[in-house]
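The values are calculated or read from the model by the stated rules, or taken from the named source; none is laboratory data. Just so we're clear, the structure is a prediction, and the values are computed from it rather than from any experiment. Surface areas here come from the heavy atoms of the whole protein model, side chains and all, with no ligands, DNA or RNA. Shrake-Rupley method; radii C 1.70, N 1.55, O 1.52, S 1.80 Å.
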Amino acid sequence: MRSSLLLRIAAVGLLGAGLVAGPSTAASAAEPAPLQAASTPWLWPRSGLEAVSATGANDVWAVGYQGYQGIDWSVPLWGAGTIHVLPPKPAVVRWNGSSWRTYDPPGGGGDAVLQDVEARTPSDVWVTGTLRPHTQQSAPYLAHWDGTRWQQVQGPDEWCAPRTPAADSTGAWFGCGNDLYRWQDGQWTLQETGRPPNACCVAVTDISVVSDDNAWATATWGLLKWDGQTWSKVPDFDNGYRFTRVLAVSADEVWAVGLHNTGGLTSEQVMFRWDGQTWQEIPTPPGDEALFRTGDGTVWVLAGYWRHLHRLDGSSWTQVTVPKPDDGRITGGTGVPGSPELWLVGKTPNVPLVINNR
């Protein structure tokens, strides 16, 4: 960072004198209710959930697959793998406060996995995934729920696999490889983001929306902000920063996680919080596979392949025990707006997992 160093040093001096408050974190929040296994949707055998999103306590959406059948094999000194017998069927489920409802999204062809879901309102939900995931003819999948029905949406081109959906009141943003696209009024528009020309190994990795004129995106070439007219790179970070996750709560609360090159091939993970005026460095999280916030202000991350759950407690991260089977793996999490509720989803080799603190 360039401009905020003196501000940070001054703030440290004032903190030592007890004259100003430090960055707002979840330190003062009450201890969250314990997590427990929750009701799971009825799905075919060998099913799993990959992602979850909520608009309220009685409107929680999860996506994944069901009915997949494969035979695992292993030969010493030879190898291991899976013989795919029956393809996975796409699964969309919705919790209404008392029970789960299952939807059959159109165009899945009985062979698809859904991998992400973004629920902005009960009548504005996006899901993304992969058609024919275990074949050489795999293809991206995208669908939208308008409150009455699901409609499959074709991507901007055959090479684009829309990911990281983030909706506002008039459309939605999607990352697609190293590009950022907008869907609005039935049309796709490629956005100008300042991506370095002819750059290798670049990508848009996450998007988070506050409002129609305030959105954020992380990219391997920097942190990006939408002001209602254009996307621009946040100037406070130099080219040594590569961002991977962003969580935008309001105009004065934005969290960003990434890597900072410390020289040569060496990088360190970093996390920053925007308070509306300056960026403040936050204790480094143990991972960044998912970043979300519950309505009581608590910030959470899922870290590593097994998605271990960690909670930000003031100046440190605390690992939280998740009650799941030994062969279970957490795949996604979400907070519930206006509530301390936390929802996690996942899978074992055979059944889906749902865990929450309702």
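Of note:
- Most fluctuating residue given options GLU158, GLU253, GLU341, as computed from a GNM of the chain linking Cα atoms under 10 Å: GLU158
- Percent RCO, i.e. relative contact order, over the chain, from Cα pairs under 8 Å lying at least 6 residues apart: 16 percent
- Of (1) 21.5; (2) 20.3; (3) 23.8, the label for Kirkwood radius over Cα pairs in Å derived from the coordinates: (1)
- Inter-part distance where region 164-185 and region 273-322 are each reduced to a Cα centre, Å: 25 Å
- Taking a straight line from the alpha carbon of LYS225, these lysines sit under 16 Å away, with near neighbours fewer than eight places off in the same chain left out: LYS233.
- Cα long-axis angle, helix 5-17 against the chain (0 to 90 degrees, to the nearest 10): 70 degrees
- Solvent-accessible surface (1.4 Å probe) assigned to THR262 amounts to roughly 80 Å².
- Straight-distance crosslink candidates among lysines, where the alpha carbon sits under 22 Å from LYS89 and sequence neighbours closer than 8 are dropped: LYS347
- GNM result for the chain, Cα springs below 10 Å: residue of HIS308, HIS134, HIS144 fluctuating most strongly: HIS134
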